[in-house]
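Contents: one structure, followed by commentary.
The values are calculated or read from the model by the stated rules, or taken from the named source; none is laboratory data. All values derive from a computational prediction rather than experimental measurement. Backbone-built Cβ (ideal geometry, glycine too); neighbour counts: all protein chains shown. These area figures cover heavy atoms from the full protein model, side chains too; ligands, DNA and RNA do not enter into them. Shrake-Rupley method; radii C 1.70, N 1.55, O 1.52, S 1.80 Å.
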Amino acid sequence: MFSLFCIHGKIPSFILWGPPGVGKTTLARMILIDHIENDWIPLVVRDSKEATDALRKDERRLIFFDDFLGSVNVTNEQLRHNDHRINLIIDRASKDPNLRFLMTSRDYILADAQSLTDKLDEGLFSEYKFVLEMKEYSKFEKAKILFNHVYFSELPRKLRDALTKSNFYLEIIEHKNFNPRLVKTMAG
């Protein structure tokens, strides 16, 4: 499950957050592609300074900031340099029809950040929070994910065959920690 937060009830800024591997970045990229198809200029940034520098442009632009609070954890030091810039960008996007701001974050990192600063308080999100619940993958869907990654990988034939011998693939798709990202890593 992951959440989508639209700031000020409009589309100018939104945050996708949820557990790792749920598809936040994939959905953000789809939103990015949709904007490109509608003549928006994408600006992919790596930090909040880069994002604030992007505010100076005059064309229709979508600023995309993946893992805007970091991908492992958040610290007071990171927040000290980021939270005021993030709020500045959100404020600008709410006033400028040619600016949109898209961010992603892991749910536990956002929760940690909210406990460290009031600028990212849950109250800011509650009014315009939408939850998109992703049901668990069925065994068939997991098998298709596994098959596609293995089929298109460069794994040696011997390793591919090992998956079907003794139904080893069933152990993978029935594992409680099955995750498409792990399957992709395994298949190389």
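How many residues, within region 1-34, are surrounded by 20 or more Cβ atoms within 10 Å (Cβ to Cβ), modelled with pLDDT of 75 or more and either part of a strand (DSSP E or B) or touching a helix residue (DSSP H, G or I) at 6+ places or on another chain (Cβ under 8 Å) (or both)? The number of residues fulfilling the criteria is 5.
Name the pairs whose Cβ atoms lie under 8 Å apart, with the first residue in region 154-172 and farther than 17 Å from residue 182 by Cα, the second at pLDDT 85 or above and surrounded by 10 or more Cβ atoms within 10 Å (Cβ to Cβ), and 6 or more positions between them or separate chains? Going by the 8 Å Cβ cut-off, the qualifying pairs are 162/168. Residue 140 satisfies every condition listed in (1) at pLDDT 80 or above; (2) open to solvent by less than 70 Å² (accessible area, probe 1.4 Å); (3) farther than 20 Å from residue 88 by Cα; (4) not polar (S, T, N, Q) except (2).
Is there a residue being in a helix (DSSP H, G or I), open to solvent by 70 Å² or more (accessible area, probe 1.4 Å) and at pLDDT below 75 anywhere in region 98-109? There is no residue in region 98-109 that is in a helix (DSSP H, G or I), open to solvent by 70 Å² or more (accessible area, probe 1.4 Å) and at pLDDT below 75.
If I ask for residues that are free of Cβ contacts under 8 Å to residues at least 60 places away in the same chain and either touching a helix residue (DSSP H, G or I) at 6+ places or on another chain (Cβ under 7 Å) or hydrophobic (A, V, I, L, M, F, W, C) (or both), which ones from region 175-188 would you list?
Residues of region 175-188 free of Cβ contacts under 8 Å to residues at least 60 places away in the same chain: 175-178, 183-188.
Of everything in region 175-188, those that are free of Cβ contacts under 8 Å to residues at least 60 places away in the same chain and either touching a helix residue (DSSP H, G or I) at 6+ places or on another chain (Cβ under 7 Å) or hydrophobic (A, V, I, L, M, F, W, C) (or both) turn out to be 178, 183, 184, 186, 187.
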